[in-house]
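A.B. asks: What follows is a single structure, and I will ask about it in a moment.
The values are calculated or read from the model by the stated rules, or taken from the named source; none is laboratory data. All figures in this text were calculated on a predicted structure; none of them were measured in a lab. A quick note on method: Cβ atoms are made from the backbone with ideal geometry, for glycine too, and the neighbour counts reach across all protein chains shown.
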Amino acid sequence: MERLCLKIRGIVQGVGFRPFVHKLVRRCGLSGYIKNTSSGVELELEGERPALERFVALLPEQAPVLAVIESMEASYSPELRGYKGFEIRQSQREEFRNTLISPDIGICEDCLRELRDPRDRRYRYPFINCTNCGPRFTIIKDIPYDRAKTSMAGFPMCPDCDREYYDIENRRYHAQPDCCASCGPRVFYLDGAGKEHPGDGIELARAALKAGKIVAVKGLGGMHLACRCDDEALVRKLRRRKQRDEKPFALMCRDVDCVRRICRLSEAEEKILTGFRRPIVLLEKRQPGLDYLSENGYLGVMLPYTPLHYLLFGDDLDMLVMTSANLSDMPILFKNAEALEKLQGIADGFLLHDREIQTRCDDSLCWVLEGREYPARRSRGYVPFPLRMEGTLQSILACGAEQKASFCLSKGSYVFPSQHIGDLKNMETLENYTRQIAHFKRLFDIEPTLAACDLHPDYMSTEYAQSLGLPLVPVQHHHAHLAACMADNGLEGEVIGLVWDGTGYGTDGTAWGGECLTGGYEAFQRFGHILPMALPGGDRAAKEIDRLAFSLLYAAGCDTSSIPGAETYRAMLAAGLNCPLSSGMGRLFDGVAAILGIKTRCSYEGQGAILLEAAAKDDGGTYPILLSGRPLVFDWREMIRAIVLDQQQGLDAGIIAARFMNTLVEMAVRMAVAAREDTGLNRVCLSGGSFQNMYIMHRLPDRLRDEGFKVYHHSRVSTNDEGIALGQLMIANAKWKGKENVSCRTPETD
Ligand code: ZN
Ligand code: ZN
Ligand code: FE
């Protein structure tokens, strides 16, 4: 007999780790205890040496899906303490208890099997769940996390469920949302007029969907609008009703085989698509077409993630449009009454249930890049799981950006990024933002002593941050992007940051966005950027992108006569009237898309750039790259002239689009090389919304590696502005270090 002391570091609290350990201890025939510590858990076990070693080997292999084991430190000793049985010891320090709350988890294999088993007591019960799966974050009202403080409070457990709940050997041990048909929530179907129909709600919804109806379906974090996706006229009807003319719709497919029929699916993509987080994965279309669903080369696809979804598909529905039920820029609808009211005339029917959603949480959205998630929206299935940083952070609230708002809170070594919030210019969204901040503060018991925000004086998040009465660190937008990418990859020190996006407020008061920065959390330098362009009409030019085409052509000395309104824009430029300057990469993309005639008016953000990417046909060509000065400026005028020349010679717009992007890739590499020559830095971080361009992301990292760089991109938070809060937080933490107790003044900006 020997005694094993095992220290496990990582995210192992609040993820069903202790019941799991309990079972494994029993299986290995050991005795001892487990307790939570500040960095994870600590165990002491006694038994025969081979049994102890078996335990150590099995533990990481079989740990719960949500557990993140960073390290395990095992030591053996012959001194026995004589433990009997197994004990879950209370933590000595209150603060380390119940700090983590699980995200919502897609239905597990065991529950799915029971759902389909006619002999199981939960056969076809749409709310089946267990310790390993089911709703969490979206049903929690308050902490501590137990049933009374969730949406399940109104559903007292029946004796059968109760027995399972208290049986540590049972899969439903301490599963707060555990329930069955006799004690849990129920589904029901209402017609378009809001009248409930008697009968099996799911079968009624299925019949309506098959008959070509648009049905609102209540999910985990909000309502979806669902309809058949094989009927183009029907999908167009949904577009009209939702006033969403062109933006792609997400699909839900019954299984992986259905996905394969319409999309290419790599092994890594399949793994993430079928994983327990169940994000929408952006997959390459197998063949062109299905433009009425998505006008670009990708389809956003997810698999069913609740038992209700599985029942809805049954055996005979393959694919459904599943788009968030919201009106234009408003937050997703999540309450029954509100959905019935606001979706009047949009949905022909409603599949609802009486388990309340406490917290809105949209579907997450990602590409798969180099084997990992490349997030565009980090929400359901991921939130509120924290990131763990090295060392101890101050308690900070980082308020994020504006259009793709999110926030971040820190405590100890954990950072808690919020879910996708949306555009704060919308009143309801702003209200949800402040409510979610309050919710997170309560859930994780964080009282921030410092706040961070964007440098932009007009962002609603900046205004909010200023109202808090906390010391405030304003952070330059692209510096925050850079820091977000560093933190995402656990980097310290200084790096080269290629930060490309549509726009962000620069330290000189102009709009930036085609940036090469150097620096770290404490500070940055603007090493290079693209030549600023004029935006005739300011913000209007982001939608009416033929204005940008004019601006680029005019600056390059090319003929602008083909552009409607050219005379007006020329006069505006000459008079310097409402023509702010921007070095935003997104604007350059949009302008070129408009020059090529790919798109001249955008109905959603980034549309020009997205369609330009979709049109690309790579012939390996590039255009001239003019780089000069310090800061190093990329003068795109020579490139624009070459594009116009290609166009005049009748070259395919897709080939020109590809040559344009190839040019940007090479330009980025040259900027990074120049930055390395000046600074000696060799790590490159890629961040910003323009890197949601997969044509670039499938080329630039490799090209940089060819030149000997170490390349980092996002995999845990979004590369777009949603990821910014994390960077703001890390920067505020670094800048405020050691100054916490000095004064309450606002530190100088960059
Ligand atoms: Zn389960
Ligand atoms: Zn029950
Ligand atoms: Fe940005």
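A.B. asks: Report the residue count in segment 502-532 for those that are under 25 Å from the mean Cα position of the chain (by Cα) and acidic (Asp, Glu).
C.D. replies: Selection size over segment 502-532: 1.
A quick yes/no check of all residues on (1) more than 13 Å from the chain's Cα centre (by Cα); (2) of a type in the set (Gly, Ala, Ser):
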site: Leu351; (1), (2): yes, no
site: Trp367; (1), (2): no, no
site: Glu370; (1), (2): yes, no
site: Glu373; (1), (2): no, no
site: Ser379; (1), (2): no, yes
site: Ile396; (1), (2): yes, no
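A.B. asks: Can I ask one more? Please identify the pairs in which a residue from segment 221-234 that is within 12 Å of Ile346 (Cα to Cα) has its Cβ atom under 7 Å from the Cβ atom of a residue that is among the hydroxyl-bearing types (Ser, Thr, Tyr), counting only partners at least 6 apart or on another chain.
C.D. replies: Pairs found: His224/Thr323; His224/Ser324; Leu225/Thr323.
A.B. asks: Sticking with this structure for a sec: Can you tell me which residue among Gly212, Gly221, Gly199 is surrounded by 15 or more Cβ atoms within 10 Å (Cβ to Cβ), in a loop (DSSP other than H, G, I, E, B) and either in contact with a Ser or Thr (Cβ under 6 Å, 6 or more places away or on another chain) or in the same structural domain as Leu320 (by TED's automatic domain parsing) (or both)?
C.D. replies: Gly221
A.B. asks: Quick test of your reading of the structure: Cys133 fulfils all but one of (1) out of contact with any Lys or Arg (no Cβ under 9 Å at 6 or more places or on another chain); (2) free of Cβ contacts under 8 Å to residues at least 60 places away in the same chain; (3) of a type in the set (A, V, I, L, M, F, W, C). Name the failing condition by number.
C.D. replies: Evaluating Cys133 over (1) out of contact with any Lys or Arg (no Cβ under 9 Å at 6 or more places or on another chain); (2) free of Cβ contacts under 8 Å to residues at least 60 places away in the same chain; (3) of a type in the set (A, V, I, L, M, F, W, C) leaves (2) as the failure.
A.B. asks: Identify, by number, the condition in (1) hydroxyl-bearing (Ser, Thr, Tyr); (2) touching a residue at least 60 places away in the same chain (Cβ under 8 Å); (3) surrounded by 20 or more Cβ atoms within 10 Å (Cβ to Cβ) that Tyr569 doesn't meet.
C.D. replies: Only one criterion in (1) hydroxyl-bearing (Ser, Thr, Tyr); (2) touching a residue at least 60 places away in the same chain (Cβ under 8 Å); (3) surrounded by 20 or more Cβ atoms within 10 Å (Cβ to Cβ) is unmet by Tyr569, namely (2).
A.B. asks: Can you find a residue that is free of Cβ contacts under 8 Å to residues at least 60 places away in the same chain, touching a strand residue (DSSP E or B) at 6+ places or on another chain (Cβ under 7 Å) and farther than 25 Å from Arg716 by Cβ anywhere in segment 671-678?
C.D. replies: No, because not a single residue in segment 671-678 is free of Cβ contacts under 8 Å to residues at least 60 places away in the same chain, touching a strand residue (DSSP E or B) at 6+ places or on another chain (Cβ under 7 Å) and farther than 25 Å from Arg716 by Cβ.
A.B. asks: Further, regarding this structure: Within segment 703-714, is there a residue that is at pLDDT 95 or above, of a type in the set (Phe, Trp, Tyr), within 21 Å of the chain's Cα centre (by Cα) and on the phi < 0 side of the Ramachandran plot?
C.D. replies: Yes, that holds for at least one residue.
A.B. asks: Given the criterion under 19 Å from Gly723 (Cα atoms), under 26 Å from the mean Cα position of the chain (by Cα) and either within 13 Å of ligand 3 (Cβ to nearest atom) or surrounded by fewer than 24 Cβ atoms within 10 Å (Cβ to Cβ) (or both), identify the matching residue among Val495, Val499.
C.D. replies: One residue alone meets the criteria, Val499.
A.B. asks: Restricting attention to segment 666-694, which residues are assigned to a helix (DSSP H, G or I), within 30 Å of the chain's Cα centre (by Cα) and surrounded by fewer than 20 Cβ atoms within 10 Å (Cβ to Cβ)?
C.D. replies: Glu666, Met694
A.B. asks: Does Val15 meet the test of being buried (at least 17 other Cβ atoms within 10 Å of the Cβ), within 23 Å of Arg171 (Cβ to Cβ), among the hydrophobic types (A, V, I, L, M, F, W, C) and in contact with a Leu (Cβ under 7 Å, 6 or more places away or on another chain)?
C.D. replies: Values: buried (at least 17 other Cβ atoms within 10 Å of the Cβ): yes; within 23 Å of Arg171 (Cβ to Cβ): yes; among the hydrophobic types (A, V, I, L, M, F, W, C): yes; in contact with a Leu (Cβ under 7 Å, 6 or more places away or on another chain): yes.
Here the answer is yes, as Val15 does meet what is asked.
A.B. asks: Let me ask something else. Pick from segment 536-569 the residues that are outside any loop (DSSP other than H, G, I, E, B) and among the charged types (D, E, K, R): which of them is farthest from Gly608 (Cα to Cα)? Full working, then the answer.
C.D. replies: Going residue by residue through segment 536-569, those that are outside any loop (DSSP other than H, G, I, E, B) are 540-544, 546-555, 566-569.
Adding the requirement that they be among the charged types (D, E, K, R) leaves 540, 543-544, 546-547, 567.
On the way: Arg540: 14, Lys543: 9, Glu544: 10, Asp546: 10, Arg547: 12, Glu567: 23 Å.
Ranking the qualifying residues of segment 536-569, first place goes to Glu567.
A.B. asks: For segment 516-539, does any single residue satisfy the condition of being among the hydroxyl-bearing types (Ser, Thr, Tyr), away from ligand 2 (no atom under 16 Å from the Cβ) and either in the same structural domain as Ala609 (by TED's automatic domain parsing) or under 19 Å from Lys737 (Cβ atoms) (or both)?
C.D. replies: Looking for residues that are among the hydroxyl-bearing types (Ser, Thr, Tyr), away from ligand 2 (no atom under 16 Å from the Cβ) and either in the same structural domain as Ala609 (by TED's automatic domain parsing) or under 19 Å from Lys737 (Cβ atoms) (or both), one finds at least one in segment 516-539, hence yes.
A.B. asks: Now a separate question. Check Leu100 against each of (1) within 16 Å of ligand 1 (Cβ to nearest atom); (2) closer than 30 Å to Arg360 by Cα and name the one condition it does not meet.
C.D. replies: (1)
A.B. asks: Return the residues of segment 298-330 that are modelled with pLDDT of 95 or more, closer than 22 Å to Gln436 by Cβ and either touching a Lys or Arg at 6+ places or on another chain (Cβ under 6 Å) or charged (D, E, K, R) (or both); say none if nothing qualifies.
C.D. replies: Correct list: Tyr305 only.
A.B. asks: Tell me which residues, restricted to segment 573-610, are hydrophobic (A, V, I, L, M, F, W, C) and at pLDDT below 95.
C.D. replies: Those that are hydrophobic (A, V, I, L, M, F, W, C) and at pLDDT below 95: Leu573, Ala574, Ala575, Leu577.
A.B. asks: Please find, within segment 643-660, the residue that is nearest to the chain's Cα centre (by Cα) out of those that are assigned to a helix (DSSP H, G or I) and surrounded by fewer than 22 Cβ atoms within 10 Å (Cβ to Cβ). Give the steps one after another, and end with the answer.
C.D. replies: As a first pass, look at segment 643-660 and keep what is assigned to a helix (DSSP H, G or I): 643-648, 653-660.
Subset that is surrounded by fewer than 22 Cβ atoms within 10 Å (Cβ to Cβ): 644-648, 653-655.
Numbers: Val644: 38, Leu645: 40, Asp646: 39, Gln647: 38, Gln648: 42, Ala653: 32, Gly654: 30, Ile655: 32 Å.
Looking at residues that are assigned to a helix (DSSP H, G or I) and surrounded by fewer than 22 Cβ atoms within 10 Å (Cβ to Cβ), I get Gly654.
A.B. asks: Here's a follow-up. I need the helices (runs of 4 or more DSSP H) fully contained in segment 259-346, keeping only those with at least 3 residues that are under 22 Å from the mean Cα position of the chain (by Cα) and under 21 Å from Tyr374 (Cα atoms). Give the steps one after another, and end with the answer.
C.D. replies: Numbers: elements: 267-274, 307-313, 336-342.
Correct list: 267-274.
A.B. asks: Another question, then. If you go through segment 141-188, how many residues are part of a loop (DSSP other than H, G, I, E, B) and without any contact (Cβ under 8 Å) to a residue 24 or more places away in the chain?
C.D. replies: Of segment 141-188, the ones part of a loop (DSSP other than H, G, I, E, B) are 141-146, 155-158, 167-186.
Applying the additional criterion that residues be without any contact (Cβ under 8 Å) to a residue 24 or more places away in the chain yields 167, 170.
Residues that pass the stated criteria total 2.
A.B. asks: While we're looking at this one, here's another question. Can you confirm whether Gln647 is within 16 Å of ligand 3 (Cβ to nearest atom), over 24 Å from Gln525 (Cβ atoms) and either outside the structural domain of Leu632 (by TED's automatic domain parsing) or modelled with pLDDT of 95 or more (or both)?
C.D. replies: It is false that Gln647 is within 16 Å of ligand 3 (Cβ to nearest atom), over 24 Å from Gln525 (Cβ atoms) and either outside the structural domain of Leu632 (by TED's automatic domain parsing) or modelled with pLDDT of 95 or more (or both).
A.B. asks: Restricting attention to segment 119-132, does a residue exist that is under 21 Å from Lys335 (Cβ atoms), more than 16 Å from ligand 3 (Cβ to nearest atom) and touching a helix residue (DSSP H, G or I) at 6+ places or on another chain (Cβ under 8 Å)? Working first, answer last.
C.D. replies: Let us first name the residues in segment 119-132 that are under 21 Å from Lys335 (Cβ atoms), namely 126-127.
Still in the running and more than 16 Å from ligand 3 (Cβ to nearest atom): 126-127.
Checking which are touching a helix residue (DSSP H, G or I) at 6+ places or on another chain (Cβ under 8 Å) leaves us with 126-127.
Yes: one or more hits.
A.B. asks: Which condition number does Gly371 fail, the rest of (1) under 30 Å from Gly194 (Cα atoms); (2) out of contact with any Asp or Glu (no Cβ under 8 Å at 6 or more places or on another chain) being met?
C.D. replies: (1)
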